[in-house]
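Written out below as structure tokens is the structure these notes cover.
The values are calculated or read from the model by the stated rules, or taken from the named source; none is laboratory data. Since the model is a prediction, treat every value here as computed from it, not as a measurement. All Cβ positions, glycine included, derive from the backbone under ideal geometry; neighbour counts span all protein chains shown.
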Amino acid sequence: MTRRLLLGLLLPIGLGLGSCGLQPMYAGGGHGPVARTLSDIDIGPIAGQQGWLMRNALIDRLGATGGGSGRYKLDVVLDDQIIGFGIRSNNTVTRERRTLRARFKLVDSSNQAVLLDATAGADAGIDVVKSEYAVIAAEQTALEHLAGEVADQIVTRIALYAQRHPPRE
């Protein structure tokens, strides 16, 4: 009896979820609209070491080459800041926050129309210790992680755009 009651309660919920409008983003696999858009993006040069890390992270996630033959171009401008806080009584910093922000534009290469103009960002806390080498290593590691996080955000935003605006054949 309890099995029938449970089935009677769960069946309408399951049917309701089927009609809620959720769809897989990468429907169609490598030939779907999102995958086609992501693989057809050229990534422009990005200044500095932060830019090198960001560009490589984007290339890894998009499967793009940046060779200049894509249907779309991704332009990224980075803002990287390290701010000290957590100050001791002798005015030494005990903690830093590294913030990486990216302003990115997805541009249609055929007519230079800006399809998506958005920002992404992340931050990380860094403990300041007596060893200067350890602090520099922690700052570098934080930058590497932040570049990956921001790249993930950018790819997600572009994928959402591609899902809503599938490319014309």
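Can you tell me which residues in region 96-119 are without any contact (Cβ under 8 Å) to a residue 24 or more places away in the chain and more than 17 Å from the chain's Cα centre (by Cα)? Passing the criteria: Asn111, Gln112, Ala113, Val114. Just one of the listed residues (Ala102, Ala134, Ala147) is at pLDDT below 95 and either buried (at least 18 other Cβ atoms within 10 Å of the Cβ) or over 26 Å from Gly70 (Cβ atoms) (or both), namely Ala134. Scanning region 120-167 for residues that are touching a residue at least 24 places away in the same chain (Cβ under 8 Å), in a loop (DSSP other than H, G, I, E, B) and within 13 Å of Glu96 (Cα to Cα) yields a single hit, Val128. Quick check, is Asp79 surrounded by fewer than 13 Cβ atoms within 10 Å (Cβ to Cβ) and in contact (Cβ under 8 Å) with a residue 12 or more places away in the chain? Yes: the conditions hold for Asp79. Restricting attention to region 84-91, does a residue exist that is touching a Leu at 6+ places or on another chain (Cβ under 6 Å) and either on the phi > 0 side of the Ramachandran plot or modelled with pLDDT of 95 or more (or both)? So far as region 84-91 goes, no, none of its residues is touching a Leu at 6+ places or on another chain (Cβ under 6 Å) and either on the phi > 0 side of the Ramachandran plot or modelled with pLDDT of 95 or more (or both). Scanning region 117-131 for residues that are among the small types (Gly, Ala, Ser), surrounded by fewer than 16 Cβ atoms within 10 Å (Cβ to Cβ) and under 25 Å from Leu74 (Cα atoms) returns Ala118, Gly121.
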